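Data first, discussion second: the structure below is written as structure tokens.
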Amino acid sequence: MNAIAERYADAGVGSIFLYTNEAHPGENYPHHTSMEQKLRHAAALRDVLGVSRQILVDSLDGACHRAYGSMPNMTWIFNQAGTPIYKSDWSDSHSVENAVQYFLQVLDRRRNRERMAPFRVERLDYRIQDQTQFYAGLERNGPKAVTEFREAFG
């Protein structure tokens, strides 16, 4: 996602990372009990994952996360008027980049005076499921996160 943000920055595409909560809290990164703790966790996530985009931190009660769907790894794209033009319940760089390219092409077509009307589309995208990387993330959070996930999902 960092690479996509860098690639399209000159085209006026902005990108932020909204830090909401720990999807699988553990001993190292437990459930948030204060904003100070949540800010520390967001900084640690930035450093561990190398997030170069601006990080915004949701309120302690997760108001923004709830307002935008409460899924653990969502992506939204908004146009300059603030209208949502893309919503995905999982962040997948291939899907996001495809959407960014499409909407930049739409802008070019509109600048060329092509008459266009919006319509809604729904599609099923596919993402790589890297279990090794996923469990490494769980382990960063602590043994409790691994145990609870395995108990819940086998």
Inside region 4-45, can you point out the residues that are of a type in the set (Ser, Thr, Tyr) and in contact with a strand residue (DSSP E or B) (Cβ under 7 Å, 6 or more places away or on another chain)?
-> Tyr19
When both residues are 6+ apart or on different chains and their Cβ atoms are under 7 Å apart, which pairs have a first residue that lies in region 116-136 and is under 24 Å from Pro72 (Cβ atoms), and a second that is at pLDDT 95 or above and part of a loop (DSSP other than H, G, I, E, B)?
-> Asp125/Asp92; Arg127/Asp92
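Does Ser15 satisfy being loosely packed, with under 14 Cβ neighbours inside 10 Å and among the hydroxyl-bearing types (Ser, Thr, Tyr)?
Details: loosely packed, with under 14 Cβ neighbours inside 10 Å: no; among the hydroxyl-bearing types (Ser, Thr, Tyr): yes.
No; evaluated as a whole, the condition is false for this residue.
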What are the pairs, 6+ residues apart or on separate chains, where a residue within region 72-98 that is closer than 15 Å to Ser15 by Cβ has its Cβ under 6 Å from a residue that is surrounded by 14 or more Cβ atoms within 10 Å (Cβ to Cβ) and of a type in the set (D, E, K, R)?
-> Trp76/Lys87
Output the residues belonging to region 103-132 that are surrounded by 10 or more Cβ atoms within 10 Å (Cβ to Cβ) and farther than 30 Å from Ile85 by Cα.
-> none
So His24 clears everything in (1) part of a helix (DSSP H, G or I); (2) in contact (Cβ under 8 Å) with a residue 60 or more places away in the chain except one condition, right? Which one?
-> (1)
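In the set Ile55, Ile4, which member is farther than 19 Å from Ser95 by Cα, touching a residue at least 24 places away in the same chain (Cβ under 8 Å), among the aliphatic types (A, V, I, L, M) and surrounded by 14 or more Cβ atoms within 10 Å (Cβ to Cβ)? Steps first, answer last, please.
On the way: Ile4 fails: farther than 19 Å from Ser95 by Cα.
When all the criteria are applied, what remains is Ile55.
The values are calculated or read from the model by the stated rules, or taken from the named source; none is laboratory data. Quick caveat: nothing in here was measured; it's all calculated off a predicted structure. Cβ sites come from the backbone with ideal geometry, for glycine too, and all protein chains shown count toward neighbours.
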